[in-house]
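Following: one structure in structure tokens, then a few remarks.
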Amino acid sequence: MPIFGMMHGVEAGAKRYLDGLLNPEFKTGHFYASQTGYPTGAVVDQASIDGALSDVTTQDNANQALRQFA
């Protein structure tokens, strides 16, 4: 799939993962992923695409719901 631009190779994917954990430009509590329409594109704050992803109450409710299954 990397040949068709549908996903990253291991090295690029691992770098994106580590950037999400360690890069100070990424703010805690935000959802980052590729920009719309580009599965391997630049990483952007998804709240810029859908404002619901920056709603703290929604995040807290989702966190609580997931913890009920743990």
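Run the dipole for the chain about the Cα centre, Lys and Arg Cβ at +1, Asp and Glu Cβ at -1, nothing else charged, and hand back the magnitude in debye, nearest 20. Please report the intermediate quantities before stating the final value.
Details: 4 positive and 7 negative charges, 34 e Å.
My answer is approximately 160 debye.
In square angstrom, what is the accessible area per residue of segment 1-41 with a 1.4 angstrom probe? Working shown, then result.
Details: 3470 Å² over 41 residues.
Heavy-atom SASA per residue in segment 1-41 reads 85 Å².
Taking 0.36 nm per intervening residue step and subtracting the Cα-Cα distance, what contour gain separates residue 45 from residue 15 on full extension? It would help to have the intermediate numbers written out before the result.
Working: separation 30, 0.36 × 30 = 10.80 nm, distance 1.70 nm.
Full-extension gain reported as 9.1 nm.
Can you show me the helix-derived [θ] at 222 nm for the chain, built from DSSP H runs with n ≥ 4 at -39,500 (n - 2.57) apiece and divided by the number of residues, rounded to the nearest 500. Each step should come with its number before you reach the end.
On the way: 2 runs with 25 residues, N = 70.
That calculation yields -11000 deg cm²/dmol at 222 nm.
Can you sort 55, 60, 45 by 1.4 Å-probe accessible area, starting with the largest?
Values: 55 65, 60 90, 45 40 Å².
Final ranking, largest accessible area leading: 60, 55, 45.
Throw me the Rg/Rh for segment 1-47, computed over C-alpha atoms with Kirkwood Rh, two decimals. Don't skip to the answer; put the middle values down first.
Details: Rg = 11.1 Å, Rh = 11.3 Å.
Reported Rg/Rh (Cα atoms, Kirkwood Rh): 0.98.
Spin-label point model (7 Å from Cα, Cβ direction): what's the residue 68 to residue 34 distance in nm?
3.3
Calculate what fraction, in whole %, of the accessible area of the chain sits on carbon and sulfur atoms when a 1.4 Å probe is rolled over the protein chains.
Working: 3510 of 5750 Å².
Percent of accessible area from carbon and sulfur atoms in the chain: 61.
Ranked by accessible surface with a 1.4 Å probe, highest first, in what order do 18, 66, 53 come? Present the calculation step by step, with values, prior to reporting the outcome.
Working: 18 90, 66 125, 53 65 Å².
Result of the area sort, largest leading: 66, 18, 53.
Taking K and R as +1 and D and E as -1, what net charge do the other residues with C-beta under 15 Å from the C-beta of residue 59 add up to? Provide the component values of the computation, followed by the final result.
Working: positive: 27, 67; negative: 45, 50, 55, 60.
Net of charged neighbours comes to -2.
Which one, 37, 54, 9, is farthest towards the positive end of the dipole of the chain when Lys and Arg carry +1 and Asp and Glu -1 on their Cβ?
Of the options given, the answer is 9.
Considering Cα pairs under 8 angstrom that are at least six residues apart, work out the relative contact order of the chain and quote it in whole percent. Don't jump to the answer; show the numbers that get you there.
Working: 49 pairs, mean separation 14.4, N = 70.
Relative contact order of the chain: 21 percent.
Could you work out how far helix 10-22 tilts from the main Cα principal axis of the chain, as a 0 to 90 degree angle to the nearest 10?
Between the helix axis and the principal axis of the chain, the angle is about 40 degrees.
The values are calculated or read from the model by the stated rules, or taken from the named source; none is laboratory data. Quick caveat: nothing in here was measured; it's all calculated off a predicted structure. Here the Cβ is made from the backbone with ideal geometry for all residues, glycine too, and neighbour counts use every protein chain on show. Note: accessible area is taken over every heavy atom of the protein model, side chains too, but ligands, DNA and RNA are not part of it. Shrake-Rupley method; radii C 1.70, N 1.55, O 1.52, S 1.80 Å.
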